[in-house]
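Report on the following structure.
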Amino acid sequence: MLQLDFDLLRTFVAIADTGSLTRAAAEVGRTQSAISMQLKRIEEIVDGAVLVRTARGVELTSRGNRLLSHARRLVRAHDEALLDVTDRGLTGSVRLGCPEDYCTEFLPVVLRAIAAQHPRVALEVVCAPTPLLEKMLDARRVDVALVSLAPEGNLERVIRLEDLVWIASQDFYPPSDDPLQIALSVPETLDHQAARRALEAANVSYRVAYESVSKDGLLAIVRAGIAVAVLTRGAVPADLRIMPVGERLPQLPRVGIAVVSYSGTVDSLVVESVKELMIRTLGTMAPVLS
């Protein structure tokens with residue numbers, strides 16, 4: 001009877017996740033020629049093509065998609081069984097995404113918890129705004145990510161809520177007549193949208209004078225004393241001040257924080273374990289006080 005062993009299945013999952021034989025080879029620690037031979041063996045066993053090569057890499061056929069759903073479950077069951085009967089702990093790698101706003105307050109605590117509980121798991125950390133992280137999740141370039149969500153309609157996914165606040169340099173005061181100069185992240189982000197909605201609802205004249213995909217870029221603008229910006233309360237550096245809410249600076253909403261992974265498939269055991277640990281760790285952290 002023909003059988004698909006777990007090495008073949010694990011390689012196939014890696015090919016599907018990376019969309020590339022070269023990247024899959026690096027992930028499973030084999031040469032590309034060895035990966036090609038394994039792929040040929042898989043197609044012999046299932047009696048048909050499981051992927052097609054394109055200019056952008058490889059794509060699964062309908063047969064390949066059916067095989068992938070079984071392969072994920074089988075590889076996961078294998079890893080769970082091995083973990084249960086041995087004392088070696090989880091091994092593997094996880095690509096973890098995090099917005100820059102959360103790198104100071106949350107990321108060190110999360111990384112410390114993962115290192116303590118899963119010391120043999122290698123982490124690759126990617127810092128980017130939530131909209132970009134969501135695209136990277138869909139493209140399987142990130143396995144799990146800490147993201148910002150609007151609380152409305154997402155309460156079942158939200159782990160904690162964080163205040164959005166206006167920040168400025170120590171010597172900055174909003175002008176009483178001229179348009180308020182603001183520095184914001186890219187338009188797709190929640191903080192950008194929340195700031196503009198709040199200002200427009202309060203009929204405040206403003207101008208988006210600066211946009212930056214980088215938190216460091218926004219902070220440089222604020223430190224120059226030429227604009228106010230919006231951050232989560234826990235991300236505000238000590239040398240900048242949180243501006244009081246007033247006529248020119250309206251109240252900002254809170255944002256939800258969630259931990260998400262790629263929604264199209266069953267997570268691997270190592271990804272799910274890291275995800276669950278992140279959720280527990282963030283859920284038990286004390287809130288940032290005003």
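Taking the stretch 113-143 as the range and being out of contact with any Asp or Glu (no Cβ under 7 Å at 6 or more places or on another chain), closer than 23 Å to P187 by Cα and either of a type in the set (G, A, S) or outside any helix (DSSP H, G or I) (or both) as the test, the residues that pass are V126, A128, P129, A139, R141, V142. Annotation note: Cβ proximity below 6 Å between a residue of the stretch 116-132 that is in the same structural domain as F106 (by TED's automatic domain parsing) and a residue that is of a type in the set (D, E, K, R) (sequence gap 6+ or interchain) occurs for E124/R95; C127/E100; P131/E188.
Restricting attention to the stretch 80-115, the residues that are among the acidic types (D, E), touching a residue at least 60 places away in the same chain (Cβ under 8 Å) and farther than 20 Å from V147 by Cβ total 1.
Scanning the stretch 205-222 for residues that are closer than 24 Å to E247 by Cα and surrounded by 14 or more Cβ atoms within 10 Å (Cβ to Cβ) yields Y206, V208, A209, Y210, E211, L218, L219, I221, V222. Here A150 fits the description: under 21 Å from A258 (Cβ atoms) and outside the structural domain of A235 (by TED's automatic domain parsing).
Among the residues making up the stretch 142-157, those that are in contact (Cβ under 8 Å) with a residue 40 or more places away in the chain and surrounded by fewer than 18 Cβ atoms within 10 Å (Cβ to Cβ) are A150, P151, N154, L155, R157.
This table checks each residue for (1) in contact (Cβ under 8 Å) with a residue 24 or more places away in the chain; (2) touching a Phe, Trp or Tyr at 6+ places or on another chain (Cβ under 6 Å); (3) farther than 19 Å from V142 by Cα; (4) of a type outside the set (F, W, Y).
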site	(1), (2), (3), (4)
L8	yes, no, yes, yes
F12	yes, no, no, no
D17	yes, no, no, yes
T22	no, no, no, yes
A26	no, no, no, yes
I35	yes, no, yes, yes
R41	yes, no, yes, yes
R53	no, no, yes, yes
V58	yes, no, no, yes
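Could you tell me which of the residues L161, L155 is among the aliphatic types (A, V, I, L, M), assigned to a strand (DSSP E or B) and at pLDDT below 95? Of L161, L155, the one residue that is among the aliphatic types (A, V, I, L, M), assigned to a strand (DSSP E or B) and at pLDDT below 95 is L161.
Rundown of residues vs (1) at pLDDT below 90; (2) surrounded by 13 or more Cβ atoms within 10 Å (Cβ to Cβ); (3) not assigned by TED's automatic domain parsing to the domain that holds R140, yes/no style:
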{"site": "A55", "(1), (2), (3)": "yes, no, yes"}
{"site": "V58", "(1), (2), (3)": "yes, yes, yes"}
{"site": "L67", "(1), (2), (3)": "no, yes, yes"}
{"site": "H70", "(1), (2), (3)": "no, no, yes"}
{"site": "L96", "(1), (2), (3)": "no, yes, no"}
{"site": "P99", "(1), (2), (3)": "no, yes, no"}
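Okay, residues lined up against (1) touching a residue at least 12 places away in the same chain (Cβ under 8 Å); (2) surrounded by 21 or more Cβ atoms within 10 Å (Cβ to Cβ); (3) more than 15 Å from Q251 (Cα to Cα):
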| site | (1), (2), (3) |
| --- | --- |
| T189 | yes, yes, yes |
| A195 | yes, yes, no |
| N203 | no, no, no |
| V228 | yes, yes, no |
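Right, L218: touching a residue at least 12 places away in the same chain (Cβ under 8 Å) and more than 19 Å from P108 (Cα to Cα) or not? Against the criterion (touching a residue at least 12 places away in the same chain (Cβ under 8 Å) and more than 19 Å from P108 (Cα to Cα)), L218 qualifies. Checked against (1) touching a Cys at 6+ places or on another chain (Cβ under 9 Å); (2) farther than 30 Å from T232 by Cβ, V50 passes all but a single condition, namely (1).
The values are calculated or read from the model by the stated rules, or taken from the named source; none is laboratory data. Computed from a predicted model, the values in this text were never measured in an experiment. We place every Cβ from the backbone using ideal geometry, glycine too, and count neighbours over all the protein chains shown.
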